[in-house]
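Engineer: So that we are looking at the same thing, I have put the structure below in structure tokens.
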Amino acid sequence: MTFDFDTILDRRGTGSLKWDFPARKLSAPEALPMWVADMDFAAPPAVIEALSRRLAHGAFGYASFPDSVREAAADWMTERFSWSVRPEWISIAPGVVPSLYACVRALSRPGDGVIIQTPVYPPFFSAMEATGRRLVKNPLKFQNGRWTMDFDDLERRIDERTRTIILCSPHNPVGRVWLEEELRRLAGICLERDMVIISDEIHGDLVFRDHRHIPLASLGPEISERTITLAAPSKTFNIAGLAASLSIAENRIHRECFRREFAQTGWELPNVFGLTAMEAAYRGGGPWLAALLEYLEAGADKLARFFSERLAPLRFFKPEGTYLALIDGRALGLSSAGWNEFLLRKAGVYLNDGAAFGEETAGFARLNFACPHAVLDEALTRIERALGEYHEK
Ligand SMILES: Cc1ncc(COP(=O)(O)O)c(C=O)c1O
């Protein structure tokens with residue numbers, strides 16, 4: 001079966017954050033939006049068909065969390081990652097970000113330190129502000145165009161009130177798919193120092209050729225006991241607007257604490273369409289995902305070629321997973337905000353300012369390449385033209 005990722009889907013006027021924000025808030029309706037992490041592709045046919053059937057039923061009262069959805073999610077984890085997840089370990093949530101907040105509350109106390117590996121997805125920072133925890137940074141190291149974990153620094157950051165770490169795996173925005181040896185080293189430190197881990201694996205399905213996503217909790221029972229994994233079909237199948245995600249915890253106490261945190265917000269019942277889409281995606285989305293990954297990687301290769309051949313001194317870093325890539329614009333000598341403003345106002349492409357992920361990526365921009373290749377071509381042409389004008393000045 002073939003799938004179409006080339007057709008340009010007009011998302012204007014559909015209440016899309018990605019398309020509305022630059023048009024309305026930044027008065028840049030012509031800018032190509034290549035920022036927030038959703039894709040300009042329709043969801044898999046299997047998902048659309050299941051949603052259509054559910055829609056045709058007509059009754060949309062309160063939902064339960066059916067066993068069939070839990071089982072579909074557990075089977076997906078087992079089949080794709082050789083990670084035996086029991087259905088009862090799984091809780092449903094409206095999103096990974098709310099789950100992150102709930103996990104921080106469930107696994108630490110106010111005033112405790114929580115470690116994050118910067119640069120990283122901005123809600124990792126805001127989760128600390130929202131919950132009154134102390135932000136403890138364990139910055140990634142950037143050497144020869146590659147980001148790695150700094151384990152010596154990590155060991156120094158841990159103390160009696162800093163016993164929680166949030167892992168981003170694969171990592172947004174640096175695009176690393178952590179190797180087994182890196183994860184084992186991290187797990188070893190966490191076991192030795194009695195840490196608990198919140199492992200955000202929302203990008204776990206989006207991994208390119210020659211790389212393999214390894215769920216942290218799959219490394220063994222001891223590490224599984226101290227890990228809450230946050231996962232979702234939302235990035236993978238472009239259904240983030242349906243607000244359904246998963247938290248997976250073998251540890252019963254962690255599970256109960258997590259559920260209690262949500263209960264305290266008053267949120268309990270999931271969205272019927274989110275559940276329908278999740279089950280259909282996990283049961284029938286595999287072939288579409290395989291085709292998507294090939295398409296995304298071909299797009300990343302196209303970008304890498306164009307940047308190295310025609311856009312010096314800008315540097316593009318092909319990620320190992322996710323559909324997000326960093327571009328280093330520091331050679332232009334602009335501030336971080338200035339570099340992003342240049343991309344928006346001079347080139348007409350709207351990316352994320354690298355500074356939003358931490359000071360480590362100030363002067364970078366994060367580009368979302370989950371769109372038809374023709375749109376990538378247009379973006380590249382626009383950047384090349386703007387760069388030419390910049391150099392002429
Ligand atoms: C690492 C990471 N976690 C969580 C999210 C968002 O999760 P949700 O939309 O389920 O809240 C994103 C979205 O980009 C992300 O990159």
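Engineer: Explain nothing, just the number: relative contact order of region 240-393, from Cα pairs under 8 Å at least 6 residues apart, as a whole percent.
Structural biologist: So the answer I get is 17 percent.
Engineer: Magnitude of the Cβ-charge dipole of region 117-200, K/R +1 and D/E -1, about the Cα centre, nearest 20 debye?
Structural biologist: Magnitude of the dipole: close to 200 debye.
Engineer: How high is the FRET efficiency from Asp377 to Arg212, r the C-beta distance, R0 25 Å, rounded to 0.05?
Structural biologist: With R0 = 25 Å, the Cβ-Cβ based efficiency is 0.25.
Engineer: Send over a whole-number figure in Å² for the accessible area per residue of the chain, probe 1.4 Å.
Structural biologist: 43
Engineer: Also, quick follow-up: Out of the chymotrypsin sites (Phe, Trp or Tyr not before Pro) in region 268-324, which ones are loop residues according to DSSP with at most 16 other C-beta atoms within 10 Å?
Structural biologist: none
Engineer: Build a GNM of the chain with springs between Cα atoms under 10 Å: which of Lys235, Lys25, Lys346 gets the top mean-square fluctuation?
Structural biologist: Lys25
Engineer: What does the highest-first list of 70-80, 135-145, 96-106 look like by mean Cβ count within 10 Å?
Structural biologist: Output ranking for 70-80, 135-145, 96-106: 96-106, 70-80, 135-145.
Engineer: With charges only on Cβ, +1 for K and R and -1 for D and E, what is the dipole size of the chain about its Cα centre, in debye, rounded to 20?
Structural biologist: Here the chain has a charge dipole of around 720 debye.
Engineer: With no solvent and one equal point scatterer placed on each C-alpha of the chain, evaluate the Debye formula and give log10 I(q)/I(0) for q = 0.12 Å⁻¹, two decimals.
Structural biologist: Here the Debye-derived log intensity ratios amount to -0.96.
Engineer: Efficiency by 1/(1 + (r/R0)^6): what FRET value for Glu359 and Asp159, r their Cβ-Cβ distance, R0 = 25 Å, to the nearest 0.05?
Structural biologist: Given R0 = 25 Å and the Cβ-Cβ separation, E is 0.65.
Engineer: Okay, moving on. Report relative contact order for region 279-364 in percent, whole number only (criteria: Cα-Cα under 8 Å, sequence separation at least 6).
Structural biologist: Reported as a whole number, the value is 18 percent.
Engineer: Here is a follow-up. Mean separation of Cα pairs under 8 Å and 6+ residues apart, divided by the residue count of region 1-129: what relative contact order is that in percent?
Structural biologist: 12
Engineer: For a paramagnetic label modelled at 7 Å from the Cα of Asp6 toward its Cβ, which residues of region 363-393 fall within the zone defined by backbone nitrogen distances under 13 Å?
Structural biologist: 372-375
Engineer: Return the distance in nm (one decimal) between the two label points of a simple spin-label model at Leu332 and Glu268, each offset 7 Å from Cα along Cα→Cβ.
Structural biologist: The answer from the label model is 5.2 nm.
Engineer: How many percent of the accessible area of the chain is carbon or sulfur, using a 1.4 Å probe?
Structural biologist: With neighbouring chains kept in place, the figure for the chain is 49 percent.
Engineer: Tell me, what is the FRET efficiency for Phe65 and Ala312 to the nearest 0.05, using R0 = 51 angstrom and their Cβ-Cβ distance as r?
Structural biologist: Once the sixth-power term is evaluated, E becomes 0.45.
The values are calculated or read from the model by the stated rules, or taken from the named source; none is laboratory data. Here the structure is a predicted model, which is why all the values come from computation and not from measurement. Positions of Cβ are backbone-derived with ideal geometry, glycine not excepted, and every protein chain shown enters the neighbour counts. Please note that ligands, DNA and RNA were not included when accessible areas were found on the heavy atoms of the full protein model with its side chains. Shrake-Rupley method; radii C 1.70, N 1.55, O 1.52, S 1.80 Å.
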